[in-house]
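The values are calculated or read from the model by the stated rules, or taken from the named source; none is laboratory data. What you see is a predicted model, and the numbers here were worked out from it, not measured in a lab. Glycine also receives a Cβ, built like all others from the backbone with ideal geometry; neighbour counts cover every protein chain displayed.
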Amino acid sequence: MLNHSSCNILFIDSVPKDFINYLQQQGYTVTYDPGLSEDRLTSEITKYNILVLSNKTIDKKILDNAKSLSLVIKMGPGRGNIDLDYASSKGIFVCNTPHSHDDSIAELIVGHLIACDRHIVQNIEHLRHGEWRQKFFLQCDGLTGRTIGIIGSFCRDRLVEIVQSFKMNILFAETYEECLSIAPRCDAISVNVEPFTSEFILNDNFFKKMKNGSIFINVTNSSIVDYEALKNLIDEKDLQVGLDVYPVESKATVADFIDTELAELISSGTSHIGHSTKQSIGKTTDEILNIINDFVLYGKVKNCLNLHKNETDVAYIVRHKGILTKILVKLESLGILVKEVNNSLIDSGECHCAIIRFEGRENIIEEIRSIDGVIGVGLI
């Protein structure tokens with residue numbers, strides 16, 4: 001097991017410097033290099049035990065060179081651009097912080113929803129040009145009692161909580177067929193699909209089925225939307241569109257935006273800031289700290305994406321007198337595949353408590369109980 005001083009951690013995406021300083025004060029060896037290139041990462045990854053990132057690519061070439069790497073932490077939900085299968089083949093755990101962005105993303109969705117309904121961006125543009133145009137915006141529809149469709153389950157629960165306070169009706173869709181079904185019934189639709197996944201595409205057919213004048217919000221996943229089809233139908237369907245993700249985005253935080261045609265057509269737009277609030281960043285770093293401490297101090301892997309589990313797995317709690325090896329040898333002799341072991345010493349120093357998880361059989365209590373040095377056995 002690692003300890004604080006021997007654990008070498010690399011951050012390749014931005015986190016607050018105060019958090020890096022805190023980890024170092026706790027005794028961890030931390031390198032913070034959010035500008036690290038892929039070539040340098042490939043050559044330097046060999047000396048690190050834990051890698052922390054947001055959405056940068058971790059491919060076979062990098063993992064092949066990660067000789068000391070035990071854990072990859074993806075900030076936020078999903079797997080991002082990590083080759084999860086190959087990491088698994090190398091025995092590298094991959095974790096994430098699945099709910100640390102829920103509030104910030106749901107809040108931004110609602111911000112775009114209100115901005116589209118009340119034409120807030122258009123209002124401010126008129127004011128900036130010295131134009132008072134109240135007359136044009138006196139007949140906004142409002143949101144209370146209207147119907148919103150939510151596509152996908154990413155950050156969905158938090159969004160549901162917020163829109164329910166508007167007394168909105170809610171429809172859900174997980175498949176393309178369900179998307180087509182809800183499109184003509186909704187006054188607003190939000191894409192809540194995990195980034196970097198696209199089991200289907202919201203295309204021309206989908207947008208044609210949407211109500212005239214309805215609202216379309218996407219702050220989560222650009223790969224699920226046919227943006228050319230969307231652009232072609234915004235005016236024809238009088239769609240009010242709010243976006244935070246786009247088909248082409250700069251990797252830099254300050255750069256030119258290429259698709260100005262799309263920017264002219266949408267009602268509300270932001271620059272991929274869905275996860276970027278101080279609250280969200282604080283929740284993410286808190287979760288990263290918990291994951292690192294659990295792994296380094298206790299060997300536990302929290303929020304693991306590639307930990308193998310079956311519905312048929314069983315777990316025993318075994319109280320024993322320091323004979324864990326003898327117990328594991330007995331299980332091996334019974335042909336049992338042990339998947340996870342957590343062994344703790346009780347304060348008295350005379351008794352250990354082991355939680356052992358393995359595949360299959362539940363009827364081996366007596367075999368374990370018969371081992372000399374076992375105090376008691378129970379099925380969890």
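What is the residue count in the range 220-246 for residues that are assigned to a loop (DSSP other than H, G, I, E, B), farther than 19 Å from LEU143 by Cα and among the aliphatic types (A, V, I, L, M)? Give the derivation first.
The first filter runs over the range 220-246 and keeps only residues assigned to a loop (DSSP other than H, G, I, E, B), leaving 220-221, 226, 238-239, 244-246.
From what's left, farther than 19 Å from LEU143 by Cα: 220-221, 226, 244-246.
Checking which are among the aliphatic types (A, V, I, L, M) leaves us with 245.
Qualifying residue count for the region: 1.
Give me the pairs, please: first residue somewhere in the range 154-182 and without any contact (Cβ under 8 Å) to a residue 60 or more places away in the chain, second residue anywhere and acidic (Asp, Glu) and loosely packed, with under 14 Cβ neighbours inside 10 Å, beta-carbon distance under 7 Å, and either six or more positions apart or on two chains.
That search, which allows pairs on different chains as well, returns nothing.
Going through VAL225, VAL241, VAL296 one at a time, which residue ends up being at negative phi, surrounded by 15 or more Cβ atoms within 10 Å (Cβ to Cβ) and in contact with a helix residue (DSSP H, G or I) (Cβ under 8 Å, 6 or more places away or on another chain)?
Just one listed residue meets the conditions, VAL241.
Sort through GLY27, GLY91, GLY78 and tell me the only one that's of a type outside the set (D, E, K, R) and touching a Pro at 6+ places or on another chain (Cβ under 7 Å). Before you say what the answer is, go through the steps one by one.
Working: GLY27 fails: touching a Pro at 6+ places or on another chain (Cβ under 7 Å); GLY91 fails: touching a Pro at 6+ places or on another chain (Cβ under 7 Å).
After applying the criteria, what remains is GLY78.
Just to check your reading of the model, which residue among GLU359, GLU350, GLU340, GLU332 is surrounded by 13 or more Cβ atoms within 10 Å (Cβ to Cβ) and over 27 Å from the mean Cα position of the chain (by Cα)?
Values: GLU350 fails: surrounded by 13 or more Cβ atoms within 10 Å (Cβ to Cβ); GLU340 fails: over 27 Å from the mean Cα position of the chain (by Cα); GLU332 fails: surrounded by 13 or more Cβ atoms within 10 Å (Cβ to Cβ).
After applying the criteria, what remains is GLU359.
LEU36 - would you say it is in contact (Cβ under 8 Å) with a residue 60 or more places away in the chain and out of contact with any strand residue (DSSP E or B) (no Cβ under 7 Å at 6 or more places or on another chain)?
Answer is no for this residue.
Determine whether the range 276-285 contains at least one residue that is loosely packed, with under 13 Cβ neighbours inside 10 Å and within 19 Å of the chain's Cα centre (by Cα).
Checked against the condition, which is being loosely packed, with under 13 Cβ neighbours inside 10 Å and within 19 Å of the chain's Cα centre (by Cα), the range 276-285 yields at least one hit.
Condition test on GLY111, is it among the small types (Gly, Ala, Ser) and not in a helix (DSSP H, G or I)?
no
Within the range 10-43, work out how many residues are over 17 Å from LEU69 (Cα atoms) and among the β-branched types (Val, Ile, Thr).
Residues that pass the stated criteria total 2.
Among residues belonging to the range 258-269 that are aliphatic (A, V, I, L, M) and part of a helix (DSSP H, G or I), point out the one that is farthest from PHE137 (Cα to Cα).
LEU262
Tell me the residue from PHE172, PHE166, PHE137 that is surrounded by 12 or more Cβ atoms within 10 Å (Cβ to Cβ) and modelled with pLDDT under 95, please.
PHE137
Give the residues of the range 88-97 that are surrounded by 17 or more Cβ atoms within 10 Å (Cβ to Cβ) and either within 9 Å of the chain's Cα centre (by Cα) or not in a strand (DSSP E or B) (or both), sorted by residue number.
Scanning the range 88-97 gives ILE92, ASN96, THR97.
Checking the structure you have, find out if any residue of the range 62-71 is touching a residue at least 60 places away in the same chain (Cβ under 8 Å) and surrounded by 15 or more Cβ atoms within 10 Å (Cβ to Cβ).
Within the range 62-71, the first condition is being touching a residue at least 60 places away in the same chain (Cβ under 8 Å), and the residues that meet it are 68, 70-71.
Subset that is surrounded by 15 or more Cβ atoms within 10 Å (Cβ to Cβ): 70-71.
The answer is yes; a qualifying residue exists.
Being at positive phi and either among the polar types (S, T, N, Q) or without any contact (Cβ under 8 Å) to a residue 24 or more places away in the chain (or both) is the filter here, so list the residues in the range 80-128 that pass it.
From the range 80-128, those at positive phi are 80, 91, 119; that's our starting set.
Selection gives GLY91 alone.
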